[in-house]
1. Kindly list the number of the only condition in (1) in a loop (DSSP other than H, G, I, E, B); (2) over 20 Å from the mean Cα position of the chain (by Cα); (3) touching a residue at least 40 places away in the same chain (Cβ under 8 Å) that fails for B:Asp238.
2. Given A:Lys12, A:Lys20, A:Lys47, which one is over 23 Å from the mean Cα position of the chain (by Cα), surrounded by fewer than 17 Cβ atoms within 10 Å (Cβ to Cβ), away from chain B (no Cβ under 11 Å) and not hydrophobic (A, V, I, L, M, F, W, C)?
3. Run B:Val58 past the list (1) surrounded by fewer than 22 Cβ atoms within 10 Å (Cβ to Cβ); (2) over 17 Å from A:Asp55 (Cβ atoms); (3) touching a residue at least 24 places away in the same chain (Cβ under 8 Å); (4) facing chain A (nearest Cβ under 7 Å) and report the number of the one that doesn't hold.
4. Just to confirm my filter: which strands (runs of 3 or more DSSP E) fall fully inside region B:69-157 and include at least 2 residues that are acidic (Asp, Glu)?
5. Starting from region A:182-208, take each residue that is loosely packed, with under 14 Cβ neighbours inside 10 Å and list its partners that are hydrophobic (A, V, I, L, M, F, W, C) and not in a loop (DSSP other than H, G, I, E, B), counting only C-beta distances under 8 angstrom and pairs at least six apart or across chains.
6. Read through the list (1) surrounded by fewer than 21 Cβ atoms within 10 Å (Cβ to Cβ); (2) of a type in the set (A, V, I, L, M, F, W, C); (3) over 16 Å from A:Ala176 (Cβ atoms), then give the number of the only condition that A:Leu277 fails.
7. Look at region A:122-167 and say how many of its residues are more than 11 Å from chain B (Cβ to nearest Cβ) and touching a strand residue (DSSP E or B) at 6+ places or on another chain (Cβ under 8 Å).
8. Tell me, which strands (runs of 3 or more DSSP E) wholly within region A:10-60 include 2 or more residues that are hydroxyl-bearing (Ser, Thr, Tyr)?
Number of protein chains: 2
Amino acid sequence: MFENSERTEISKLGEFGLIKHITQKIKLNHPETIKGVGDDAAVLNYKKHTLISTDMLVEGIHFDLTYTPLKHLGYKSVVVNVSDICAMNGIAKHITVSIGISNRFSLEAVEEFYSGVLLACEKYKIDLIGGDTSSTPGGMFISITVLGEIEPTQITYRNGANENDLICVTGDLGAAYMGLQILEREKSVYKSNPAIQPDLEGKDYILERQLKPEARTDMVQVLSKLKIVPTAMIDISDGLASELMHIAEQSGLGCVIYEDKLPIDPLTYETAREFKLDPTTCLLSGGEDYELLFTIQQKHFEAIKNIKEISIIGHITEANDTCHLISKGGQKHKITAQGWNSFANN
Amino acid sequence: MFENSERTEISKLGEFGLIKHITQKIKLNHPETIKGVGDDAAVLNYKKHTLISTDMLVEGIHFDLTYTPLKHLGYKSVVVNVSDICAMNGIAKHITVSIGISNRFSLEAVEEFYSGVLLACEKYKIDLIGGDTSSTPGGMFISITVLGEIEPTQITYRNGANENDLICVTGDLGAAYMGLQILEREKSVYKSNPAIQPDLEGKDYILERQLKPEARTDMVQVLSKLKIVPTAMIDISDGLASELMHIAEQSGLGCVIYEDKLPIDPLTYETAREFKLDPTTCLLSGGEDYELLFTIQQKHFEAIKNIKEISIIGHITEANDTCHLISKGGQKHKITAQGWNSFANN
């Protein structure tokens, strides 16, 4: 899917040449950035508390270059990290990007990847301040560290939920997972007959949710404007069920959510049906939505109930209770984490 | 070289289980650590400026598991990052460690790696506050981000050297490179005949310099006690020649160093001779010493001249001059960077 007419070998530039080439396009915007790329370390001047999170993406485990454009991959690598800062209720400001690539990558391919990184940096107002590059004997991998800033009173951990708190989720769920199913299906069709063109028609929304997700910095701002500090928050990377259990377990409480309250896009629903999958299961267990799951005090119900893009899906229950789903038919099901495990023997 | 009687498969624990297992041994010491591992991001409270640097180590490129014990690898991974903070004249305080490992690794192997990481954290008083783990389809890789703190007036960049500044280096150079030559030689002997035991006798010092280097936090403290802020500083990871050129180029100046002032351990010298290599070339171009190279104003000469472990090797010269070495015979040679390039086609 990704082609270049030009091809410059990275070995020609060497590591220093490559870094010089990549970094010349970096623009720094934050007053907190005292020194960016180019020395032994970057220098920052944060006035509030510092948030730091790191994420890794490995070829063949987290992404498949047969259907992932490198620009999208660069964009997504930044977004998944920014999302972790959102999950703390903070503002992401700085990022370091390290990549390992094999010799099969040309300079133009690396440029594509970084054009996606820089696009995300522009959109999310983030300064790229460091990183590392290396060749690898095998596949590609990406390691990103993001830093953000937060007022101490705004910090939102996973463990602060209280009994009767409302459980909220932003956007809609399960779409990224269904996008992945489409891409995997078309990959296997292509493998069996390369002459067949991929059938992606009408699937734009769920494909974009998989290939080019967004972090909900907008929702962090909405909550801030409403002066609501969630009691607990997490971003949905492994699936709603798994994240719900993190909040409940770490808060020492249980929870109940309602199937008919769960936000799902019609295209996600239809595509799940097309694949003969249960839409609710896809929504609960499909990961990579990068939406925010959070709990708020009941007193905020009026303020939040009409906010577009926020769904109230249930509430926190008493200690030692577990997590339950009330189905559309009124039955109570225990939720088990079907979170994603990169070490599983598939 | 590395064997375990027990073998627990990582796939049994899964990613969450593995993280839980690793993180239970972490001890947090710094008052700046508000929240360590266990949420979407760690929370820090730095009062001064923040330093941040990141480094990657890739199997088959930066390390060879046939002769690198995993515990040493974990230790070294931390040290090379701490060294970058030293090179800014700062104090390393926090670290995140991400690793990619294949299924051939057992839980016990991962524990060995982390025991080295934690040993270094203990020695250098660093809090491990985050990271990521993933399986990989191929080799192992490590990505570490280190954070440190520094008073704005103490920050030492690479570009601050002035004409006539003295050029200083800590410790001795070239040892890590000669240690690597020994290990590579014994590896090829072993490959041709596995019955032959490796001949490492008497080479302890240079092997340790390669396998278990240290960061010069002690030298940062010495300078601080003397109230000397270097005008420029860098750590020697790619080799003295390459680092000298970084300081000279970024400062827009030249430099001259004297062969007879260069610090070399007798064992490094002898081993270079044994390999029929020129000791000075090994010292200039061999990397991974993790010593500090810095420049100071001439007025500090008296304060520094008798400091054990600091050698004054030359001085900074006028703009647009290049870097030169005055040989023991009095000849002037232009220095070219023989720094290490992971993208070179070997």
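1. (2)
2. Only one candidate qualifies: A:Lys20.
3. (1)
4. Working: elements: B:91-101, B:127-135, B:141-150.
Output list reads B:127-135.
5. A:Ile196/A:Val189; A:Asp199/A:Val189; A:Gly202/A:Leu267
6. Answer for A:Leu277: the failing condition is (3).
7. Qualifying residue count for the region: 13.
8. Output list reads A:49-58.
The values are calculated or read from the model by the stated rules, or taken from the named source; none is laboratory data. Note that the structure is predicted; figures quoted are calculated from it, not measured. Positions of Cβ are backbone-derived with ideal geometry, glycine not excepted, and every protein chain shown enters the neighbour counts.
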